[in-house]
Each structure stands twice: as C-alpha cells, then as structure tokens.
1. Which order results if ILE36, ILE242 are arranged by neighbouring Cβ count within 10 Å, fewest first?
2. Contour minus end-to-end for ALA254 and PHE108, with contour as 0.36 nm per residue of separation and end-to-end as the Cα-Cα distance?
3. Need one number: % antiparallel among DSSP beta bridges in the range 129-320, to the nearest 5.
4. Between GLU183 and ALA291, how many nm apart are label points set 7 Å from Cα along the C-beta direction?
5. Just subtract the alpha-carbon distance of ALA204 and ASP117 from 0.36 nm times their residue separation and send over the number in nm, one decimal.
6. If I model a spin label as a point 7 Å beyond the Cα along the Cα-Cβ vector, how far apart are those points for SER78 and LEU58 in nm?
7. Give me THR257, THR68, THR59 sorted ascending by neighbouring Cβ count inside 10 Å, so fewest comes first.
Amino acid sequence: MSLTRNLGRRTFQLLLAAVSCSLTAPLEAQFNLGTIAGTVVDTNGGAVARCTVKVVGLTNATARSVTTNSGGLYTIPSLSADTYEVTAVLARPGRVLLHGLPAPLTKFSGSWDSLKDQVPDRLASAEPVHLVCLVEVSGGEDRLELRIDRLSQLIDEAEKGAGRLNVSVVAYGPHSVAWSVDEQPVAVRAWAAPGARAEQELRALPGRAAEKQREYRRAAQLECALETVARHLSERDGRPVIVTAGGRPPHPHAMDTRTTIIPCPDRVNWKWQHDRLRALGASFGALRDQAARGDVWRSLGADVTATADDPVDMQDFATRLGLREAPQTVPFPFVD
C-alpha cells in the first residue's frame, strides 16, 4: 500500500493502492519544508495502532519511519520538497485480503501434523530446457520473415515460463543440384545461447533467403539440419525441444520413384535422425507453411503443430511442448 506526495508550493500527487487498509494524509508546506500526517485505518474504518509508516523520497532518497499511536495517527515533519512514497506496514495480526489465489480457500479437517506432511522441504527446481529452432531460409524474404516472427514469439513465451532456458538457431536452405548454383550448408547460428542472443541471430537471417532462378524448390536440407542437431545435442544443455519452421520436405536418402525428389548428396535419412532425436528425449513442434503436409510434418509436429500463416496461440503451443513450467502449490494454513 503506497501513497505518493509531492511537497512544495502546496501541490501534490495522490496515488493510493490499498487492499487491507487506507491512508489519509493532509499536506502542509512552509519555507520549502513540509509535513506528511495522517491516519491508518482498517477496512472497517477502525484505527490501526503500532503500525509502521515509512516515507521515501523518490528523488533525494530521504527515508523516515514512524509508528502510529493508539488512534492510528502518524506525523512526519520537516520533509524537504520532493515526491514521497508512503508505505504502511502492519506489524500485528489483522484482516488479510487475498487476490488471485490459484484455488478457493477451503476448510481443512485433518490434523496439524498431517497438514505439515503435505508441505515439501523445498520446491522442486525447474529442469533446464533447450529450445532448438530449425528455420528454413528458402522461399523468399516474406516467408522467412513470417517464420522468424513465429519463432521469436515462441522464444518470448518460453522465457516467461521455463526455468533455465537455452536456445539454439539452426538455419537450412535447399541443396544445390546444379554446378552453377552455390550451396549454403546448414548453419548453426547460435547454440545453447540466451534467448536474446538467439533472437538476434534469427533477425540477422534475412538476406540469405533470396530465391535463385535455378534453386531446387521441391525440397530443403531438413534431413541435414536434423543430423546437425543430433550431433550437437548435449544433456548439459537441458531437455531438447525441437521446433521446425519451414515448408519444404527433406531430401530422401535415396532415389524415391514415388516423389522423384532428388536424394540428399550425403545420403542422410531424415527418419533415422528424427528417431535418434526422439531417443534422446526430444519433444517436437512444427510451425509449418500452409501447404506443408505428409508424414514428415506429422513427425516434426508430433507434440504440437500450427500453421505459421495463421494466428498461433503461442502460450498453448509452448505449454504443450513443456516450455511453460507448471506452477507448484503447497498448503498455506490460516487460522480462523
């Protein structure tokens, strides 16, 4: 509960935020000094005695404390001109109003010992989480910007709810299938980095996405990106959560007569890499393009999937990947 006052030339600001008691404080100003005085009362209007009232100057950092008398009155004289925050601290039993409780208050019929047994010695510490963002850079600048925006939203949401969060950014594009087209390999832009650094690397990706006239448009290096992640993963970085933002399927490891997509030059099998990551305890989420379909995207979005072109409930997306820590509750007794 606080009250802000500005002493000087009889002008003041009043800011009162109180749930259990209120402050009233007439203002006096003389010769550039002033007095803050008032009464502390409870929600029924009764005076609160032996309540500590503290004022702190917001500019000069002056701090003064007094205790209310039997009538709830307090006076703090000889204050220089400034804006002051006034706080009252109740140092005795009184009425308590609680807001935002995770559950309604209920009667407890068990013994005191049984209640104590429900309280853990300490709250469990949050497990470290490693969010790995795979982002396809092919398809043009607009498409890449949309993927970056979605991944940035996810990182922001994960930072709100996860305990210790590490974030990696792995960029991948198309394989080169013509001698005249230079291939850009899979790039680890950040690994197990803070969220801010990872977002910085994401924002630096535009410029790598220009579609080349002879670019192979039917697939991307997704299989190699998964293999790169599997090689780099370490238990010390936290539980892996792999989110892919893209649209093109991976290159097959061998010639596929059904799709006729050109195979990966390194013969990497995306399914083997996916299973390898699953065995390492990874969760999978997909922020796919509208047209992305098939077994690949079902596997990459095994835990949660969303279409990047549409609005995404990122809080729900993060929760389903375990990126938002579940609240821990313990019994808190009140005596009637």
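Every read-out reported here was derived from the displayed coordinates using simple, explicitly stated rules and does not represent laboratory data. The structure displayed is predicted, hence computed values, not measured ones. Backbone-built Cβ (ideal geometry, glycine too); neighbour counts: all protein chains shown.
1. Details: ILE36 24, ILE242 29.
Result, fewest neighbours first: ILE36, ILE242.
2. Numbers: separation 146, 0.36 × 146 = 52.56 nm, distance 6.58 nm.
Extending this stretch completely gives an extra 46.0 nm.
3. Details: 4 of 30 bridges.
Roughly 15 percent of the beta bridges in the range 129-320 run antiparallel, per DSSP.
4. 2.3
5. Values: separation 87, 0.36 × 87 = 31.32 nm, distance 5.28 nm.
That pair, ALA204 and ASP117, stretches by 26.0 nm at full extension.
6. That separation, rounded to one decimal, is 2.6 nm.
7. Numbers: THR257 6, THR68 22, THR59 10.
So the residues, fewest neighbours to most, are THR257, THR59, THR68.
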